[in-house]
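The structure appears below as structure tokens.
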Amino acid sequence: EDQVTQSPEALRLQEGESSSLNCSYTVSGLRGLFWYRQDPGKGPEFLFTLYSAGEEKEKERLKATLTKKESFLHITAPKPEDSATYLCAVQGPGSNYKLTFGKGTLLTVNP
Amino acid sequence: NAGVTQTPKFQVLKTGQSMTLQCAQDMNHNSMYWYRQDPGMGLRLIYYSASEGTTDKGEVPNGYNVSRLNKREFSLRLESAAPSQTSVYFCASSAQSSVQHFGDGTRLSIL
């Protein structure tokens with residue numbers, strides 16, 4: 001059974017204070033690891049997909065990295081508008097494209 | 001640019017009542033999904049449809065039924081609502097790339 005654990009559950013940063021969110025996973029044959037952002041009252045919004053260990057992707061102040069056991073979402077010099085819940089999900093083997101999600105990290109960036 | 005549209009946005013039911021949650025996507029995606037999101041539980045897959053004409057159970061299917069009406073529409077039905085089904089329900093769709101795109105959810109309360 002695929003499992004995803006995200007830490008910390010909540011993170012409070014000051015504007016400009018860089019940090020990282022962690023996503024540890026267990027899956028037999030990773031097809032892809034996904035990062036989403038979710039704002040209050042909204043659905044998850046896709047950020048990145050990572051497919052193999054060593055892969056990195058960047059978007060503005062966010063950078064996602066992947067190893068064989070975990071992924072990190074690095075946030076550089078965050079701004080208040082980066083406040084959201086960040087979700088990690090994995091896709092295992094098979095052709096049905098099912099995702100297993102972690103519980104998320106609630107990020108708050110104070111001005 | 002609608003993407004995934006869910007109706008209604010909010011609903012209050014009494015125990016034992018039935019209702020259908022509607023979902024439509026305009027991205028010509030083959031696959032569609034229904035999730036529920038509860039505090040501390042993360043997103044859990046209820047049912048999915050890999051292609052038009054097929055549906056399969058996810059992690060938490062009990063108490064729900066689905067219909068893939070056509071390529072665009074995927075509905076979720078609660079035949080006899082229970083308080084344990086109080087949740088936020090999200091519909092998603094994906095193409096072969098497997099990136100899932102989400103609607104903004106239906107907030108359902110069952111009294």
Please tell me if A:TYR36 is under 19 Å from A:THR76 (Cα atoms), surrounded by 15 or more Cβ atoms within 10 Å (Cβ to Cβ) and not β-branched (Val, Ile, Thr). yes
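In the list A:PRO93, A:PRO80, A:PRO111, which residue meets the criterion of being out of contact with any Cys (no Cβ under 9 Å at 6 or more places or on another chain), within 13 Å of chain B (Cβ to nearest Cβ), exposed (fewer than 14 other Cβ atoms within 10 Å of the Cβ) and in contact (Cβ under 8 Å) with a residue 40 or more places away in the chain?
After ruling out the rest, the residue left standing is A:PRO93.
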Which of the residues spanning region B:39-52 are within 10 Å of another protein chain (Cβ to nearest Cβ) and not hydroxyl-bearing (Ser, Thr, Tyr)? B:PRO39, B:GLY40, B:MET41, B:GLY42, B:LEU43, B:ARG44, B:LEU45, B:ALA50
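Evaluate the following for A:SER18: is it loosely packed, with under 13 Cβ neighbours inside 10 Å and touching a His at 6+ places or on another chain (Cβ under 8 Å)?
It is true that A:SER18 is loosely packed, with under 13 Cβ neighbours inside 10 Å and touching a His at 6+ places or on another chain (Cβ under 8 Å).
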Could you please tell me which pairs satisfy a Cβ distance under 6 Å, a separation of 6+ or placement on different chains, a first residue in region A:45-64 that is under 19 Å from A:GLY92 (Cβ atoms), and a second residue that is part of a loop (DSSP other than H, G, I, E, B)? A:PHE46/B:VAL99; A:ALA53/A:THR67; A:ALA53/A:LYS68
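Results for (1) among the charged types (D, E, K, R); (2) touching a Leu at 6+ places or on another chain (Cβ under 8 Å); (3) modelled with pLDDT of 95 or more, shown as yes or no for each residue.
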| residue | (1), (2), (3) |
| --- | --- |
| A:ASP2 | yes, no, no |
| A:ALA10 | no, yes, yes |
| A:GLU15 | yes, no, yes |
| A:LEU21 | no, yes, yes |
| A:ARG37 | yes, yes, yes |
| A:THR65 | no, yes, yes |
Every residue from region B:28-65 that is in contact with a strand residue (DSSP E or B) (Cβ under 6 Å, 6 or more places away or on another chain) and within 14 Å of B:THR5 (Cα to Cα): B:HIS29, B:MET32, B:TYR33, B:TRP34
Anything in region B:53-111 that is in a loop (DSSP other than H, G, I, E, B), β-branched (Val, Ile, Thr) and more than 9 Å from every other protein chain (Cβ to nearest Cβ)? List them, or say none. B:THR54, B:THR55, B:VAL60, B:THR86
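Can you name the strands (runs of 3 or more DSSP E) wholly within region A:1-72 that have at least 1 residues being among the hydroxyl-bearing types (Ser, Thr, Tyr)? Full working, then the answer.
Values: elements: A:3-7, A:10-14, A:19-26, A:32-38, A:45-50, A:56-59, A:62-66.
Passing ranges, in order: A:3-7, A:19-26, A:32-38, A:45-50, A:62-66.
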Can you confirm whether region A:75-86 contains a residue that is assigned to a strand (DSSP E or B), closer than 25 Å to B:THR5 by Cα, of a type in the set (S, T, N, Q) and at pLDDT below 95? no
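The values are calculated or read from the model by the stated rules, or taken from the named source; none is laboratory data. Just so we're clear, the structure is a prediction, and the values are computed from it rather than from any experiment. Note: ideal-geometry Cβ built from the backbone for every residue, glycine included; neighbour counts use all protein chains shown.
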